[in-house]
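This report refers to the structure that appears directly beneath it.
Derivation of every value follows stated rules applied to the coordinates shown; laboratory data play no part. None of the values given here were measured: they were computed from a predicted structure. Cβ coordinates were reconstructed from backbone atoms using ideal geometry, including for glycine residues, and neighbour counts include every protein chain displayed.
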Amino acid sequence: MKYSNLNDYIIELEKQGLLLRVKTEVSTDLEITEITDRMMATDGPALLFENVAGHTIPVLTNLFGSHKKMSLALGVEDVDQIADRISALLDTVQNPPKSIRAKVKLLGELLKIAKLSPKTVKQAPCQEVIHTGEQVNLFDLPILKNWPLDGGKFITLPLVITQDPKKSSQNYGIYRIQVYDKNTTGLHWQTHKGAADHYRNTTEKLDVSIAIGSDPATIWSGSAPLPPDVDEMLLAGFVRNSPVKLVKCISNNLKVPANSEIVIEGYVLKNESKIEGPFGDHTGYYSEAADYPVLHVTTITHRNNPIYPSALVGKPPKEDYWMGKVTERVFLPLIKLTLPEVHDINMPAEGIFHNMLIVSIDKRYPGQAYKVMNGLWGMGLLSLTKTIVVVDKFVDVHNISELAWRVLCNINYDTDILISKGPLDDLDHSNPSAKFGAKLGIDATRKIDGEGYTSDWPEDVEMTEDIKQLVDSRWKEYGF
């Protein structure tokens, strides 16, 4: 399923019975959040609020708030299908074909990928209406205040677009944005993110554009932790199976997805900051107020009849969890490329991604679990992971009950724990030293020769296959 814009996805949600139109007047201050939170808690539909007090633009929430909606958003029956496509591509690159026929087929596949690169167009729906100068007013947009102690109204599902002053490539990231007044906002890009690096590299002024409400694959791609200089729009094109169309902004040289609902253009000045926050964050706690760069808005453009999408974050699981689970599945093949012994991973909702990663491995030699821990800590934004638990290949890392049983039975606290140090997420409030601190690695694998274990490792309690088959064949005879 391909979506050319956000409205295409809304139509499909409604067709699948996964959209509810709310016609009653509602407020942007807390009310929409409470309604959405209750709906997400019961695996309810996406919500299109068509009557928002003081605004003419409808608000869309819970558009990604379940595995089913996330799969539908990306046009697949299950998000693992995208990971399978990546695995097949990586396998072909690692094991190139030998026959002429197979090589021609591979060339065709690579040419298809090349055609998925973003394309620039001269006219775009996102620029049907243009506001500049005194016409700029962020309060015309139905931006939500989500939680009682939030420092103000926050845009929570933006594609924030920047360009490194030293390079030509753009970066797309989803960072929260606090509205200060009609034409300034705070930009909460965290220390380890691409836009923050661009800001550090600028000498005076950095252009920033914010795209709100593109097609689902393009929105999600902004959350993907890609390596520097890898274009998120190429990933979006790969997921969509069609290139993303970009258009040059009105007041700066950045390019934004042409199918966006709303675009905010502006700039930040080097060394200008303002208190941003607090904010009810995806950790389930309020992140504290701190100094962040100030965005000066120069232009706002939008469609003739735009829709404003907003993501709800708070105590997990919320929408960011389901978006992150796609990232987990899609990036697993890339992790295996570097660490081939990795079988599966799980970043549970309770760990809010950066606090816990569970990994199963095909263990073959002493110390391999520690090799995997250190390898993961050295891999992009996985460097922020606070706890890594390593188990054997046969353990279902998505079954938390089984995992807890394996870990608590297998661990020897004298020998199976690694305390390391490294960078931590900006939102980690538990560490006295901000953004840097201790990490925990747990080796809960079966111990083998060379790891200091002198006894025979016990076998799992399991019934024999012949008895299982016997009972299966006689099940009805038992009277059940």
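3J(HN,Hα) along region 130-146: 10, 10, 10, x, 5, 6, 5, 8, 4, 6, 6, 8, x, 6, 8, 9, 8 Hz, from the Karplus curve 6.51 cos²θ - 1.76 cosθ + 1.60 with θ = phi - 60°, whole Hz, x for Gly and Pro. Scalar couplings 3J(HN,Hα) for region 19-35, obtained by applying the Karplus form with A = 6.51, B = -1.76, C = 1.60 to θ = phi - 60°, are 9, 10, 8, 9, 9, 5, 5, 10, 9, 6, 8, 6, 5, 4, 4, 5, 4 Hz; x denotes Gly and Pro. Inter-part distance, region 357-436 to region 288-303, computed on C-alpha centroids, equals 37 Å. Computed over the chain, the per-residue total of -39500 (n - 2.57) for DSSP H runs of n ≥ 4 gives a 222 nm mean residue ellipticity of -8500 deg cm²/dmol, rounded to 500.
Let's see if you can work this out: charge +1 on each Lys and Arg Cβ, -1 on each Asp and Glu Cβ, no other charges. What is the dipole magnitude of region 339-443 about its Cα centre, in debye to the nearest 20?
Roughly 300 debye for region 339-443.
When Cα extents along the principal axes in Å is computed from the coordinates, the matching label among (i) 77, 58, 52; (ii) 68, 58, 42; (iii) 90, 60, 42 is (i).
In terms of packing, defined here as the mean over residues of other Cβ atoms within 10 angstrom, the peptides 414-425, 262-273, 306-317 line up highest first as 306-317, 262-273, 414-425. In a DSSP loop and with at most 14 other Cβ atoms within 10 Å, the GluC sites (Glu not before Pro) in region 423-480 are Glu459, Glu462. So how tilted is helix 6-15 from the main axis of the chain? Cα-based, degrees 0 to 90, rounded to 10. Between helix and principal axis, roughly 60 degrees. A Förster distance of 22 Å, applied to the separation of the beta-carbon atoms of Glu134 and Thr184, puts the FRET efficiency at 0.95.
Ordering Phe436, Ile361, Gly452 by the projection of their Cα atoms onto the charge dipole of region 348-480, which places +1 on the Cβ of Lys and Arg and -1 on the Cβ of Asp and Glu, puts Phe436 at the extreme positive end. Give the shape of region 130-217 as rounded, prolate or oblate, defined through the alpha-carbon gyration tensor: a ≥ b ≥ c are the square roots of its eigenvalues, a/c under 1.5 means rounded, and otherwise the shape is prolate if a/b is larger than b/c and oblate if not. It comes out prolate by the Cα gyration axes. Listed from fewest to most Cβ neighbours within 10 Å, the set Arg85, Arg303 follows the order Arg85, Arg303. Please label the shape of region 339-443 as rounded, prolate or oblate, based on the square roots a ≥ b ≥ c of the eigenvalues of the alpha-carbon gyration tensor (a/c under 1.5 means rounded; beyond that, a/b larger than b/c means prolate, else oblate). It is prolate, given that a/c is not under 1.5 and a/b is the larger ratio.
When Asp443, Asp362 are arranged by Cβ crowding within 10 Å, least crowded first, meaning fewest neighbours, the order is Asp362, Asp443. The count of lysine pairs in region 191-275 that are at least 8 places apart or cross chains, and whose C-alpha atoms lie under 26 Å apart, stands at 13. The gain in end-to-end length when the Lys371 to Glu34 segment is fully stretched comes to 116.8 nm, 0.36 nm per residue minus the alpha carbon separation.
Annotation: amide H of Tyr172 within the under-5 Å range of Glu232, sequence separation 5 or more or interchain, hydrogens built in the peptide plane.
Taking 0.36 nm per residue of separation and subtracting the Cα-Cα distance, full extension of the segment from Thr454 to Lys15 would add 151.9 nm.
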